[in-house]
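**Q** The structure's right below; bear with me while I get my questions together.
The values are calculated or read from the model by the stated rules, or taken from the named source; none is laboratory data. What you see is a predicted model; the values in this text were computed from it and never measured. Cβ coordinates were reconstructed from backbone atoms using ideal geometry, including for glycine residues, and neighbour counts include every protein chain displayed.
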Amino acid sequence: MKPTSQNRHRHNGFSLLEMMVVVLILGVVSAGIFAQMNAAQQRSYTEQVKLDNFQEARDFVDQFFRDINQIGYPNSRMVDTTSLSWSPALASPLINDNRLAMGLVKIDANAIQFEGDMNGDGVVQSVIYTINGSGTCALCLQRSQVNKVTASPLTGQSQNWGTESNDVISNPIFQYYTAAGTQVTALPVDISTTAGALTIASIKTIQISLIIRNNSIIDPQTHQPIETTFQGEVSLNNCSMAAAGAAMSC
């Protein structure tokens, strides 16, 4: 019995057109799968960068809080009772003495300078936090710590820039509040004048806000550079020697 034309067609398999349709469908499905995998990888990488930025900001703020807790120690009121009545003036020899910490020295929206025993070894350090302190990194919040020398706390101390947080776009970074909760907005303020010294001596709370934007990494969902925000607040025992009669807790 000879095979019919229908049987011959069945034995011949798929036609070229059918094979092309199958390949096309498989290609579309594979492309969709690979696109989803690529998107998942991008999201994972983006979240990892955000986490790294957050941890960097957190470590930096923790360092700032540790420093703030040491400001103004040791100060002259611990060793010289006559200093209770001194007036805030850079002309005072005590304010320049490298054995004594002046506490807060200068405050600004994106910078703060203070003195204290940061290492717990009895040696007073001059510490500065500021944007682009080294002059080589416009978006870096940098920290400098040096042993205080017998000279003006404002102009006579050197800098040694070390720890930093990169890609910081916050403005302001620091906000300052008195014990009554009033924000100090007339910045910068330093201890070079009586009015400035009195303002600095009234500071009770400091808020810090870090917004880090990494322009090299684009969020696949928002199509914008990724941003990470970290905020914190610290209440300080203001050991500032800037004002006579200021409440002291250290």
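**Q** What number of residues within the stretch 102-123 satisfy the criterion of being assigned to a loop (DSSP other than H, G, I, E, B) and in contact with a Pro (Cβ under 7 Å, 6 or more places away or on another chain)?
**A** 4
**Q** Then there is this: Can you go through R58, R99, R77 and tell me which one is under 19 Å from I212 (Cα atoms) and either modelled with pLDDT under 85 or in a loop (DSSP other than H, G, I, E, B) (or both)?
**A** R58
**Q** Could you check the stretch 140-158 and list, in sequence order, the residues that are surrounded by fewer than 16 Cβ atoms within 10 Å (Cβ to Cβ) and not in a strand (DSSP E or B)?
**A** Residues satisfying the conditions are V149, T150, A151, S152, T155, G156, S158.
**Q** Say we look at the stretch 168-194 and pick out the residues that are under 27 Å from L94 (Cβ atoms) and outside any strand (DSSP E or B); which of these is modelled with the lowest pLDDT?
**A** Within the stretch 168-194, the match that is modelled with the lowest pLDDT is T194.
**Q** Pairs please, first residue from the stretch 198-214 and closer than 28 Å to N166 by Cα, second anywhere and polar (S, T, N, Q) and part of a helix (DSSP H, G or I), Cβ atoms under 6 Å, 6+ apart in sequence or on different chains.
**A** These pairs meet every condition: I212/N53.
**Q** Next question, about the same structure. Being small (G, A, S), within 16 Å of G232 (Cα to Cα) and modelled with pLDDT of 90 or more is true for just one of S165, S209. Which residue is that? Let's see the steps before the verdict.
**A** On the way: S165 fails: modelled with pLDDT of 90 or more.
The match here is S209.
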